[in-house]
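Undergrad: Pasting a structure below so you can have a look.
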Amino acid sequence: MRTAKFVESYFDAWNHSDAKGVAEHLVKNGTYCDIPSNERHSREALVGNLVDFFEREHRHYQLIGEVLANDETIAFQYKISSLDSTADDRLGAEFMTVDGDGALNIADYYDPIQSGSLAPSISRKPNAQKYAKSGLSDKQMGEYTERLRALMEHEKVYLESDLTMLKLASLVDCSVNHLSQVVNSGFGMSFFDCLNNYRIEEAKTMLGHSNPQQQAILDVSFAVGFNSNSAFYAAFKKATGQTPAQYRRLSLV
């Protein structure tokens, strides 16, 4: 599979309100999972739901940052902009497991719909009870949250550039859906933002204690888990309001 072309055509289908085009990115027995509403759609059912959705909603979807991919998975973050209002842009993320030239499973993660929000739910049902059917008890939530914190803060798994939600869920020993709930509820952010926050904090420590002549900023970006310098710069400036070079100069004064 050519990942870049696959993701590009996927976004193109969404932006052209092409219900069949979106669904055809799934293999014949593939499933689209609307995580916040706890709904699963076969390829055929997805077409019908999207036809209704595109009649009601007019939005633009844009890839944010880099696509994380290996032989079995694709993950990326996206921005949703309304074409019908001046509402603020919102973010979402998708995780795909692939089978040949298509996706066996597409899991869509985003904030639950509020009045006037831009969240891309294809369901007509309200999402106020985002995780009502997840089966995750308060005790399990606490246990998974502690495991996740230990993995991040002590084992520093975020330094792995190929870390995906599936891999992290396996390390926490929970499902991808439960991991999403833990990150959203326990950390108050998406998987991608959580991952980047840890990486940026690590980069700040390295930049504040390293000699610019001995450790280039590009080396720092790769050391903390980013696959490209541009993604590192964008995430760093979003988190700190400064470029890595500006932060280093001020830290070493």
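Undergrad: To two decimal places, what compactness ratio does region 1-88 give when its Cα radius of gyration is scaled by 2.2 N^0.38 Å?
TA: Rounded to two decimals, the normalised Rg is 1.12.
Undergrad: Are there GluC sites (Glu not before Pro) in region 145-253 that DSSP marks as loop and that have at most 14 other Cβ atoms within 10 Å, and which are they?
TA: Hits after loop and neighbour filter: Glu155, Glu160.
Undergrad: Mind checking region 28-90 for chymotrypsin sites (Phe, Trp or Tyr not before Pro) that DSSP puts in a loop (not H, G, I, E or B) and that have at most 10 other Cβ atoms within 10 Å?
TA: Filter output for region 28-90: empty list.
Undergrad: Can you give the convex hull volume of the alpha carbon atoms of region 1-49 per residue, in Å³?
TA: 84 Å³
Undergrad: In addition: Rounded to a whole number, what is D in µm²/s for region 141-208 from Stokes-Einstein with the Kirkwood radius over alpha-carbon pairs (20 °C, 1.002 mPa s)?
TA: The calculation lands on 178 µm²/s.
Undergrad: Treating region 202-249 as a set of equal point scatterers at the Cα positions, no solvent, please give the Debye-formula log₁₀ I(q)/I(0) at q = 0.16, 0.25, 0.30 Å⁻¹.
TA: -0.35, -0.90, -1.29
Undergrad: Let me have the 222 nm mean residue ellipticity of the chain computed from DSSP H runs of 4+ only, each contributing -39500 (n - 2.57), with the sum over all residues rounded to the nearest 500.
TA: After summing the helix terms and dividing by the residues of the chain, the value is -13000 deg cm²/dmol.
Undergrad: Right, another one. What are the radius of gyration and Dmax of the chain, computed over its Cα atoms and given in Å?
TA: Cα-based Rg and Dmax for the chain come out at 19.1, 61 Å.
Undergrad: Would you kindly calculate the mean projected area, averaged across all directions, of the convex hull enclosing the Cα atoms of region 52-109, in square nanometres?
TA: Reported value for the Cα convex hull: 4.9 nm².
Bear in mind these aren't lab numbers, they're just calculated from the coordinates by the rules spelled out. Predicted, not measured: the structure shown is a model, and the values here were computed from it. Cβ sites come from the backbone with ideal geometry, for glycine too, and all protein chains shown count toward neighbours.
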